[in-house]
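For reference, the structure discussed in these notes is given below.
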Amino acid sequence: RTTMKSLRFISAEAFVSNAEFARKSLGAIAHDIFPLLFKASYLLEQGEVIHDLVENWPLFDFNMGKLLGATVDYQEDLSHRTCSVCLESCLTGLRDYVLNQSSPHMKKLRVVDLTGIKDVEVQFCKCKKTMGRWARTQLLSKLCSELLVHLQQAQCNPGTFEISINVLIDLFVTERNYELVVQALLKKCSCPLKICCVAFRSDNLTLQKFFYIIKLTDPSLLRKLEIVHNVHLEMEHLEMLFNSIHFPLLMSLTLPARTFNVRRFTATDEQMLANIGEKMGEMTQLTELSMSFSILTGRIQKLLSPLKTPLKMLDVSNCSLNHADMAFLANTFHANHLEALDLSGHDIPELYPSTFFKLLSHCSSVLRSLTLEDCNIQDTHVNMLILGLSPCQKLQEFKFIGNPLSSQALKHLFTFLCELPMLKNVEFPVPRDCYPIGITYPIDDASLCRFDHQKYERVAEELNLILLQANREDVKATTPLFGSYDAAVQETNNELGAYLIKSFKETLEKFTASFNKMS
């Protein structure tokens, strides 16, 4: 698919394609042409030109999302290209903007917004080397520290110290880049480039370090908080966090697995859960909540009823919800506003079929994403599922891997899915008849790949043919056996893997020590 380019954009491409000439000529370029040249340079991966454009940026703001998004001159959105060459040139250009000795009154830049960059699985840049969220966090922190050192050592123009640029960024902190980010945040006041954290993701970090760095980020500006893998945050720590820090602008909250476990609740824990609910109720902007792999049986009402703002996204996958929880969700005011819902890991047909379909009917007019993985949906349930999904005309994404469905049932379901006009992404299971007879669900990791791959390929081809014959080439249908793509996990999987091995080794050593004592 080719996107039309205006004559202006074609001219801009021609101009920046000769890097040497373009860099020499920037002084003679009208200020309002800079955004056009930036997008053309980004498309052609002209790193040196990008650097010089940013170093001499003549405007008040520099917004990556807007600059790379669809424009009149070139409709294609480039914000999902996290090209390493382009992004590194961009950030070093920003550092050199501060150091550039041109007269300070020429420097108008006040806000740099890097939050519009989107990390995706497939990259189209020629260099094929990406710079993910973790690496952007690392590089910006490093450049801020280097900038301060340089300003302290060099004979700079006094006006340089008056430069103050807010750099809006989604920070991603792990043990490996923690110290660097902490140093950059501690010295924020004296650095001309001021890191403003809009979203914060924390993986593989001790609780002590997490609590320390979250206070440094200026939580009053935070819109999204993700506490994910290997941060051992339990309910008492969450209450402590909410009691000590206010998040007035927080719109999205993701909690790590096992934050809640109602099976070992005491009366004190019940009160603690109620307090957490009340604190979340004070977050008037909160519309997205993810609490997967916690045990919340019978407590959803206590946690969610204090919320005054309707939730648009709710992930309660593998939370052991019971009928009372599902009834609350179906009848709450949140139901009419849910655009994304994940109920994976619950035996929906067995436990609460009618209540689930009531919930689905309430959110059908706005629902964009539905995830029902490992929900024991079988062939006999497909007609009912089709009936429930029929009103969901805005549905863009449907994920249902891990369900025991036959090839025939999948074909029947796909024929219906073609009728959903907005649908773009489907994640479907390996058909049950591709596995050996007697396979039990949910399938364990060891057996997950033990299926007839040739038969699966034939079925996948037939399913894609159904889409093709209905003129729905726009729908992408895949079977990600080990879950959907996660850019953050992909970028830091070496560190996470090393941590898991270390944890396993420590557990093994403790077990061996205990065993030796017993012997």
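Computed from backbone phi with θ = phi - 60° and the Karplus coefficients 6.51, -1.76 and 1.60, the 3J(HN,Hα) list for segment 181-186 is 5, 4, 4, 5, 6, 5 Hz; x is used for glycine and proline. If the Kirkwood radius is taken over C-alpha pairs of segment 7-131, then at 10 °C and 1.306 mPa s the Stokes-Einstein diffusion coefficient equals 109 µm²/s. Each residue was assigned an accessible area with a 1.4 Å probe, and for Arg81 the value is about 30 Å². Projecting the Cα positions of His80, Leu37, Gly69 onto the charge dipole of segment 7-131 (unit charges on Cβ atoms of Lys, Arg, Asp and Glu, taken about the Cα centre) puts Leu37 furthest along the positive direction. Computing FRET efficiency as 1/(1 + (r/R0)^6) for Met240 and Ser6, where r is the C-beta to C-beta distance and R0 is 56 Å, gives about 0.50.
With a 1.4 Å probe and all protein chains kept in place, how do His237, His31 rank by accessible area, largest first?
On the way: His237 40, His31 90 Å².
Solvent-accessible surface, decreasing: His31, His237.
When the Kirkwood hydrodynamic radius is evaluated over all pairs of different C-alpha atoms of segment 125-224, what value in angstrom, to one decimal, is obtained? Taking every pair of different Cα atoms in segment 125-224, averaging 1/r and inverting gives 14.4 Å.
Using +1 at the C-beta of Lys and Arg and -1 at the C-beta of Asp and Glu, which of Val16, Leu303, Gln138 has the Cα lying farthest in the positive direction of the dipole of the chain? Result: Val16, furthest along the dipole toward the positive end.
Surface composition of segment 272-314: carbon plus sulfur atoms hold 49% of the accessible area, using a 1.4 angstrom probe and ignoring ligands, DNA and RNA. Counting only alpha carbon atoms, the long axis of helix 235-244 and the longest principal axis of the chain meet at about 40°. Under the classification rounded if a/c is under 1.5, otherwise prolate if a/b is larger than b/c and oblate if not, where does segment 324-474 fall, given a ≥ b ≥ c as square roots of the Cα gyration tensor eigenvalues? Oblate. Restricting the calculation to Cα atoms, every distinct pair contributes to the Kirkwood radius of the chain, found to be 25.9 Å.
Taking amide H as placed 1.01 Å from N in the peptide plane, the amide H of Ser292 sits under 5 Å from that of Leu255, Ser317, each at least 5 places away or on another chain.
Using a probe of 1.4 angstrom, how much of the accessible area of segment 180-235 is carbon and sulfur, in percent?
Working: 1180 of 2060 Å².
C and S atoms contribute 57 percent here.
Residues whose amide H falls under 5 Å from that of Asp113, counting only those 5 or more places apart or on a different chain, are Phe62, Asn63, Met64, Leu168, with hydrogens built in the peptide plane.
Between segment 162-213 and segment 321-366, the alpha-carbon centres lie 38 Å apart. Of the residues Thr380, Tyr97, Phe161, the one whose Cα sits farthest toward the positive end of the charge dipole of the chain, with +1 on the Cβ of Lys and Arg and -1 on the Cβ of Asp and Glu, is Phe161. Counted over all Cα-Cα pairs of segment 209-343, pairs farther apart than 18 Å make up 52 percent.
Under the classification rounded if a/c is under 1.5, otherwise prolate if a/b is larger than b/c and oblate if not, where does segment 1-55 fall, given a ≥ b ≥ c as square roots of the Cα gyration tensor eigenvalues? Walk me through the numbers before you get to the answer.
On the way: a/c = 1.87, a/b = 1.50, b/c = 1.25.
Prolate is the answer for segment 1-55, as a/c is 1.5 or above and a/b outweighs b/c.
The relative contact order of the chain comes to 7 percent, based on Cα pairs under 8 Å that sit 6 or more residues apart. Average accessible surface for segment 180-288: 42 Å² per residue, computed with a 1.4 Å probe over protein heavy atoms with every protein chain in place. Taken one residue at a time, the phi angles of segment 152-166 give Karplus couplings (6.51, -1.76, 1.60, θ = phi - 60°) of 6, 8, 8, 7, 8, 4, x, x, 4, 6, 8, 5, 9, 10, 7 Hz. Gly and Pro are set to x. At an R0 of 60 angstrom, the distance between the Cβ atoms of Asp452 and Phe21 translates into a FRET efficiency of 0.50.
Model label sites at Thr479 and Ala267, defined 7 Å from Cα along the beta-carbon direction, differ in position by 5.4 nm.
Give me the 1.4 Å probe accessible area per residue for segment 7-131, excluding ligands and nucleic acids, in Å².
46
Note that segment 189-272, at 25 °C in a medium of 0.890 mPa s, gets a Stokes-Einstein diffusion coefficient of 176 µm²/s from its Kirkwood radius over C-alpha pairs.
Each residue, Val149 and Ile33, gets one label point 7 Å from its Cα in the Cβ direction; the gap between the two is 3.8 nm. What's the angle, to the nearest 10 degrees (0 to 90), between helix 353-363's Cα axis and the longest principal axis of the chain? The helix 353-363 is inclined about 30 degrees to the chain.
What is the calculated FRET efficiency for Gln393 to Cys156, with r their C-beta to C-beta distance and R₀ = 51 Å, to the nearest 0.05?
Working: r = 60 Å, r/R0 = 1.17.
For R0 = 51 Å, the calculated efficiency reads 0.30.
Quick one: pull the percent of accessible area on segment 7-131 belonging to carbon and sulfur, 1.4 Å probe, ligands and nucleic acids left out. Don't skip to the end; give the middle numbers.
Numbers: 3320 of 5760 Å².
Result for segment 7-131: 58 percent of the exposed heavy-atom area is carbon or sulfur.
Relative contact order for segment 7-131 using alpha-carbon pairs under 8 Å, separation at least 6, rounded to a whole percent?
Numbers: 175 pairs, mean separation 36.9, N = 125.
It comes to 30 percent, rounded to a whole number.
In what sequence, highest mean first, do 470-477, 142-149 appear when ranked by Cβ atoms within 10 angstrom?
On the way: 470-477: 14.1, 142-149: 17.4.
Descending mean neighbour count gives 142-149, 470-477.
In sequence order, segment 216-230 has phi-based couplings of 6, 6, 6, x, 5, 9, 6, 9, 9, 10, 10, 10, 10, 7, 6 Hz under the Karplus curve 6.51 cos²θ - 1.76 cosθ + 1.60, θ = phi - 60°, and Gly or Pro positions carry x.
When only the Cβ of Lys, Arg, Asp and Glu is charged (+1, +1, -1, -1), the dipole of the chain relative to its Cα centre reaches about 820 debye.
The values are calculated or read from the model by the stated rules, or taken from the named source; none is laboratory data. Since this is a predicted model, take the numbers as computed values, not measurements. Here Cβ is always computed from backbone atoms with ideal geometry, including for glycine, and neighbour counts include all displayed protein chains. Just the protein is used for accessible areas: all its heavy atoms, side chains included, with ligands, DNA and RNA removed. Shrake-Rupley method; radii C 1.70, N 1.55, O 1.52, S 1.80 Å.
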